[in-house]
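Every number here is computed from the coordinates shown, using simple stated rules; none is lab data. Computed from a predicted model, the values in this text were never measured in an experiment. Heads up, the Cβs are rebuilt from the backbone with ideal geometry, glycines too, and the neighbour counts pull from every protein chain shown.
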Amino acid sequence: MGVDDLPEPEEVFHARRIGRKELITLVLGPSLIALGLSIGSGEWLLAPLAIGQGGWTGIGFVALISILLQAFYNMEIGRYVVATGEVPSIGFGRVPPGFLVWTTLAILLFYLAFITGGWAAGAGDALYTFITGDIPGPEDRTASRWLAVALMATVFVITLFGRKISRTMELTNWVLVLFILVTLIIAAIVLVPLSQWGEGIVGMFRPALPPEGVDATDLGAVAGFAAMASGLNYVFMNYYRDKGYGMGARAGYIPGLLSRAERPVEPVGATFRDTPENAARWRRWWRFLIIEMWVVFVPGALIGILMPGILVSHVLEQTGTEPTRASMPTYVAAQLEQMGEPRIWYWWALLVGFLILFTTQLVVFEMLVRNMVDALYGSSEGFRRLIRGDPRRFYYPFMILLAVVISLIIFQALPTELVQWSANMSNLAALIMPFPLIYLIARLPGPAKGRWWSYLILGLVVVYFGFFFLNFLVNQLTGNDLSFW
């Protein structure tokens with residue numbers, strides 16, 4: 001890894017100074033991509049399913065702790081990316097015994113969780129209902145899955161445009177996430193009485209154990225997919241490299257296919273000299289990361305889980321029909337129709353439900369491609385020669401291949417079942433990947449080096465999410481839980 005100086009934010013974002021306007025329009029962005037993933041299958045499918053079946057008590061608190069721990073975890077991953085400009089999958093390869101173990105494991109865990117395509121199948125179901133007005137039954141499953149395939153093709157088209165693929169993702173998620181959050185808040189204000197708002201808020205923030213008898217798979221899924229993807233959140237931090245955060249500005253980015261590649265992406269990162277000037281620059285970049293996580297991501301994730309949970313609680317009380325794994329992608333819209341709500345609410349719920357699941361599909365599909373490309377590009381000189389130093393030569397053909405594979409898988413199971421598997425596999429990653437991260441952040445330059453609380457937080461990530469994975473594993477193998485409540 002080379003050594004250079006940290007750039008000033010003004011140099012990176014081509015601004016005279018970084019004020020409030022520049023912060024919003026130029027600096028912030030990856031957190032919006034994170035919210036596109038966050039306000040998705042965990043918030044629209046898994047947490048509301050558990051809340052609808054077991055109530056807010058305990059379930060909401062599991063989600064809250066998950067959101068907070070993931071924000072801290074993201075900060076520690078970001079510490080490495082901003083200090084080195086290197087994506088985590090390559091950074092993990094620096095941990096003994098090397099990339100054949102850790103880089104391979106980092107990518108394998110991600111694919112093990114997300115190759116099942118539950119995020120795609122859920123978006124296909126929601127789009128089918130939005131178009132036809134009917135909930136897809138077994139006889140409609142083929143049509144809804146083909147819609148999911150069409151949506152993956154839409155993601156492919158979106159990535160073609162823009163100077164940076166990451167910037168295109170930011171702008172798309174700015175529009176979609178803002179519309180989703182505002183719509184969810186308005187719908188909850190208009191439809192749900194204040195008493196159920198209070199029940200949801202208290203259920204989220206009051207410490208309590210989950211209700212007795214709650215399914216281990218459902219509970220682990222809530223923990224894994226509240227906010228992002230628990231232990232797999234490192235796959236999202238690649239966007240900070242492409243955004244140009246810290247030393248990422250020295251590393252380059254993956255350009256869109258239709259744009260001119262201004263400079264090749266560096267296969268590995270570079271760290272900075274431990275000087276007073278770099279220490280001052282580090283503090284500025286670190287403040288930006290804090291704003292991304294705690295001003296944008298955490299409040300957005302809390303709203304994203306509270307609003308659907310409150311809506312599900314309300315329609316359940318009115319109709320008495322509990323959500324199921326099969327009905328969850330379109331549950332709110334179906335119950336609103338049963339309640340005799342005006343058609344605008346029915347279509348509104350369908351549109352929002354579709355957009356929530358599509359933003360998840362957009363981010364997950366692109367990350368599956370991006371992380372494989374970054375891992376191969378940084379790990380293999382032969383691979384770089386094969387694609388002549390242009391990641392796009394592999395990025396786009398691999399995206400097509402991946403779409404074909406996922407298209408075959410999603411015809412095999414219900415969306416919610418696939419997403420639950422993904423969420424619990426994310427918890428498996430949380431049991432493993434904090435350990436190589438501890439190794440990496442302990443070796444950064446002084447201003448960026450992990451602090452004592454960094455290691456405490458990573459230890460809590462292992463214990464918390466690791467428990468939910470082990471509980472899920474024991475339940476799958478024996479039919480019993482480790483649960484002590």
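Some notes on this structure:
- Efficiency of FRET between residue 150 and residue 259 - r from beta-carbon atoms, R0 22 angstrom, step 0.05: 0.30
- Fewest-first sequence of 449, 21, 164, 243 by Cβ atoms within 10 Å of each Cβ: 21, 449, 164, 243
- Cα gyration tensor shape for region 220-376, rounded if a/c is under 1.5, else prolate or oblate: prolate
- Residue 209 paired with residue 284, simple spin-label distance in nm, labels 7 Å along Cα-to-beta-carbon: 5.1 nm
- Pairwise label distance in nanometres, residue 393 with residue 134, each label 7 Å out on the Cα-Cβ vector: 4.9 nm
- Put in line by how crowded their Cβ is, counting other Cβ atoms within 10 Å and starting with the fewest, 75, 367, 339 read 339, 75, 367.
- Label-point separation in nm, residue 194 to residue 1, each point 7 Å along Cα→Cβ: 5.3 nm
- The ranking of 139, 10, 86, 170 from fewest to most other beta carbons within 10 Å of each one's beta carbon is 139, 10, 170, 86.
- Potential extension, residue 401-residue 161 segment - 0.36 nm per residue separation minus Cα distance: 84.4 nm
- Computed FRET value (nearest 0.05) for residue 383 with residue 20, which takes r as the C-beta separation and R₀ as 41 Å: 0.45
- Length gained on full extension, residue 101 to residue 291: 65.0 nm, using 0.36 nm per residue less the C-alpha separation.
- Lys, Arg +1 and Asp, Glu -1 on Cβ, resulting dipole of region 2-478 about Cα centre, debye, nearest 20: 1740 debye
- For the chain, projected area of the alpha-carbon convex hull averaged over all directions, nm²: 22.0 nm²
- Helical content alone sets the calculated 222 nm signal of the chain at -21500 deg cm²/dmol, taking -39,500 (n - 2.57) per DSSP H segment of four or more residues and averaging over every residue.
- Taking 0.36 nm per residue of separation and subtracting the Cα-Cα distance, full extension of the segment from residue 318 to residue 480 would add 55.0 nm.
- Summary of packing: across the peptides 303-313, 385-395, the per-residue average of other C-beta atoms within 10 Å ranks them, highest first, as 303-313, 385-395.
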